[in-house]
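The values are calculated or read from the model by the stated rules, or taken from the named source; none is laboratory data. What you see is a predicted model; the values in this text were computed from it and never measured. Glycine gets a Cβ as well: all are built from the backbone with ideal geometry, and neighbour counts include every protein chain shown. Side chains included, ligands, DNA and RNA excluded: accessible areas come from the protein's heavy atoms. Shrake-Rupley method; radii C 1.70, N 1.55, O 1.52, S 1.80 Å.
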Amino acid sequence: MGNSTLKVNFERLKADIEALSEIGRAPDLGIYRTAFSDNDMLARQWLKGKITEAGLDLYQDGAANIHGRLNWDNKKPSVMTGSHIDTVPGAGYLDGALGVICGLEALRVLNEQQINLDFPVEFVAFSDEEGTFNGMFGSQALTGDISPEWIHSAKNLEGLSLVDAMKQQGLEAMDALSAMRTADSIRAFIELHIEQGPILDSNKVSIGVVEGICGLQRWDISLKGVPNHAGTTPMTMRQDALHGMSEFVTQIERIIEEHGTTTSVATVGRVELLPGAANVIPGEARFSLEFRDTSEAILEELADAFRLTLSSIARRRQLMFEFSVSSDIKPVSCDQGIQEIITKAADAMGHKYFSLPSGAAHDTQKLAAITRAGMIFVPSKSGRSHSAAEWTSWDDIESGANVLLNSLYQLAGNDNL
Ligand SMILES: [Zn+2]
């Protein structure tokens, strides 16, 4: 292994990002490639064509994850990169697509320059990362975190099942059980992704080295009071559920300040009042509470503080308080060694970098359960994502692609890493 750094073919990379961004683009400029939709299938077809054109091995596993492979050898663990080409409705052009195309480009460069590699390299476009049907289907299947029950119960918001959606595209959902890879078949995993937050952009730094991915808890909360006549019930004799909820919401920032970290976030994003009439005192307030952090201990401390605050408000206002936990996702730490490899690659090319956590979920979260995993972020203009306003400068994209390429090169060409 020399000290020279490899470079992507930027014009080719740019042309591919632009070509993929036209698949599923609507007149509102948003991209509509939800998992297993016709547009998703068109994008998959396009990607398969690119893999074949580049002279890489094309492989589709049982979860319909698309793999492009170089130097494939079943007996050796592969260095893996990947992300997703499915989108949320009205998405931007980089979320997921960037990591897949930069993975493709990295393999093309390693192939063309006939680099001697000790290990196979593969990039993967994971199915349904955005959770159109549930969770992260593709990376869950690949890491063995899936069951027949899970596959049968996965549905989209319109009630279409994953099984039927895949059948409409000629795919068999139960085959996903065969997509599982063993831990010893993967040497390491790195995902390149846009930050989807404002930290790199506001600090004018091109490369983010991700330290860990936030876990989260999502609660469904109900405060019950007494629905009553809005005209005849004196203010001092009310058990108004909305007042209880409002008092709690005003406490959220204090709780984060006292029990959280600068990474912690909490959101009430859905609210419903019952019976919901202008002349009736709200008898019940149902609302969601979601909070995230990279530390499991902090998440537990926040959970305790939220619970205590809710129960004391309920007691004082004579309300009934109930909650259920609808999601509990553990935080994940990125591998220290992988973070160092990314840092060194950025250094070697003179790119400024910054260590930061990921507030959004990614396929890397699943891969980290079976292999050494890490992530590279590039800036998102003003932190905008899941929107047609998503944008990253071509300079930053090129920097990110080169850091990914050289990190993969280090891992695949060096026995000691
Ligand atoms: Zn994504």
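Assuming 0.36 nm per residue, please report the length gained on full extension of the stretch Ala19 to Ala277 beyond their Cα-Cα distance.
Contour length minus the Cα-Cα distance gives 87.8 nm.
Going by average Cβ density within 10 Å per residue, which order do the peptides 370-381, 355-366, 273-284 take, highest to lowest?
Top to bottom by mean Cβ count within 10 Å: 370-381, 355-366, 273-284.
Taking 0.36 nm per residue of separation and subtracting the Cα-Cα distance, what length does fully extending Thr309 through Ala389 add?
That pair, Thr309 and Ala389, stretches by 25.0 nm at full extension.
May I ask you to list the lysines whose Cα is less than 21 Å away from that of Lys352, ignoring any residue fewer than eight positions away on the same chain?
Lys7, Lys204, Lys344, Lys381
How far apart, in nanometres, would the label points at Glu257 and Leu6 be if each is projected 7 angstrom from Cα along the Cα-to-Cβ direction?
With each label placed 7 Å out from Cα toward Cβ, I get 5.1 nm.
If the reach is capped at under 28 angstrom between alpha carbons, list the lysines near Lys155, excluding any in the same chain fewer than eight residues apart.
Cross-link targets: Lys48, Lys167, Lys330, Lys366.
Mind grabbing the base-10 log of I(q)/I(0) for the range 272-417 at q = 0.14, 0.17, 0.20 Å⁻¹? Debye formula, identical points on the C-alpha positions, no solvent, two decimal places.
-0.87, -1.08, -1.29
Where does helix 38-53 land angle-wise versus the long Cα axis of the chain, in degrees 0 to 90, nearest 10?
20
Leaving out ligands, DNA and RNA, and with a 1.4 Å probe, what % of the accessible surface on the chain is carbon or sulfur?
Using a 1.4 Å probe with all protein chains present, the chain comes out at 49 percent carbon and sulfur.
Assuming 0.36 nm per residue, please report the length gained on full extension of the stretch Gln169 to Glu296 beyond their Cα-Cα distance.
41.8 nm
Expressed as an acute angle from 0 to 90° and rounded to the nearest 10, what is the orientation of the C-alpha long axis of helix 336-348 relative to the principal long axis of the chain?
Once rounded, one gets 60 degrees.
Say each of Ala348 and Asp38 gets a label point 7 Å from the Cα, pointing the same way as Cα to Cβ; how far apart are those two points in nm?
Computed distance between label sites Ala348 and Asp38 equals 4.6 nm.
Ranked from highest to lowest mean number of other Cβ atoms within 10 Å per residue, what is the order of the peptides 94-107, 234-247?
Final packing ranking: 94-107, 234-247.
Which FRET efficiency value, to the nearest 0.05, is calculated for Ala26 and Glu340 with the Förster distance at 45 angstrom and r the Cβ-Cβ distance?
0.60
What does the accessible area of Asp145 come to, in Å² to the nearest 10, when a probe of 1.4 Å is used?
Rounded to the nearest 10, the figure is 70 Å².
Taking the chain as the reference, fit the longest principal axis to its C-alpha atoms, fit the long axis of helix 97-112 to the helix C-alpha atoms, and give the angle between the two in degrees, 0 to 90, nearest 10.
With both axes taken from Cα atoms, the answer is about 10 degrees.
Please compute, over every Cα-Cα pair in the chain, the percentage with a separation greater than 36 angstrom.
Counting pairs separated by more than 36 Å, the tail of P(r) holds 31 percent.
Return, for the Cα atoms of the range 353-417, the radius of gyration and Dmax in Å, separated by a comma.
14.1, 43
Sequence gap at least 6, Cα distance under 8 Å: using those rules, report the relative contact order of the range 1-77 to the nearest whole percent.
Answer for the range 1-77 is 14 percent.
What accessible surface, in Å², does a 1.4 Å probe find on Ile342, ignoring ligands, DNA and RNA and rounding to the nearest 10?
Rounded to the nearest 10, that gives 0 Å².
Tell me, what is the Rg over Rh of the range 202-291, with Rh the Kirkwood radius over Cα pairs?
1.18
Can you figure out the FRET efficiency of Thr236 with Lys330, using R₀ = 35 Å and their beta-carbon distance, to the nearest 0.05?
Efficiency, from the Cβ-Cβ distance: 0.15.
By DSSP, what percent of the beta bridges with both residues in the chain are antiparallel, rounded to the nearest 5?
Here the share of antiparallel DSSP bridges comes out near 70 percent.
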